[in-house]
Ligand code: SAM
């Protein structure tokens, strides 16, 4: 028989922390990876650290929820990769109380992050069954998010102007109604390209001019609608 080890005693410098569960550990690693890949907005990282991505993925993929990858959510759609969500949200420069329109609710993960950052969120999804699931999640976690089923390429005029608009599907061109529904100084984040690959456009409205910056390449599902893909 081996000798018994003396119990490990905590010194004053060693705070007694509850060990992280497997998934908390994985979420922590996801945040560290986002930092390593250049995400700097601490309010965003805090929001992403406080939301359990497992709650937004389909049950067969729960074990992969903290991988940095897009995962299927039904209807041939996906929840975006955490890095993509972080990159786009950082580009949006969200302030507390900002009115933000999201096109492409999907699982509701992106909308939940925006709400967690203190934004007033409006979101549009074209698939009713995806929206129904996302709404259940908003209710479960107490997020006050306005949502509707419809074609987001024409925006949501009744609630415009928006401080920011984020489009989470790839478009052939920038839909004019979205530009028109930005306030002066507002930002539009939208992937533009063909159905395979897109470049993320960061557009700032300055009175009636639109300053466009082309950033990184991404791969999104198509934005389908009147001002998107047919
Ligand atoms: N933001 C989502 C999330 O956090 O899970 C991921 C969105 S997924 C990559 C893109 C979504 O855009 C899909 O759910 C798709 O049905 C939706 N979509 C495509 N065209 C749309 C349109 N014209 N209006 C609204 N939603 C649209």
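Only the coordinates and a few stated rules stand behind these numbers; no lab work does. Fair warning: this is a prediction, and the values are worked out from it, not measured in the lab. Virtual Cβ from ideal backbone geometry, glycine too; neighbours counted across all protein chains shown.
By its C-alpha gyration tensor, with a ≥ b ≥ c as the square roots of the eigenvalues, how is region 36-175 shaped: rounded for a/c under 1.5, else prolate for a/b larger than b/c, else oblate?
Details: a/c = 1.38, a/b = 1.11, b/c = 1.24.
Cα axes put region 36-175 in the rounded bin.
Extension gain, residue 54 to residue 132, is 26.3 nm, computed as 0.36 nm per intervening residue step minus the present C-alpha separation. If a spin label sat at a point 7 angstrom from the Cα of residue 75 along the line to its beta carbon, the backbone N atoms of region 144-160 nearer than 11 Å would be those of 148-152.
You can think of it this way: the chain between residue 212 and residue 68 has 49.1 nm of extra reach, that is 0.36 nm per residue less the Cα-Cα gap. Note on the chain: helix-only mean residue ellipticity at 222 nm, from DSSP H runs of 4+ residues weighted -39500 (n - 2.57) and normalised by residue number, equals -8000 deg cm²/dmol. Here the gap between residue 229 and residue 21, fully extended at 0.36 nm per residue and compared with their Cα-Cα distance, gives a gain of 70.6 nm. Working from label points 7 Å from Cα in the Cα-to-Cβ sense, the residue 176 to residue 43 distance is 3.4 nm. For the chain, a Gaussian network of Cα nodes joined below 10 Å ranks 177, 161, 19 by mean-square fluctuation, and the top entry is 19.
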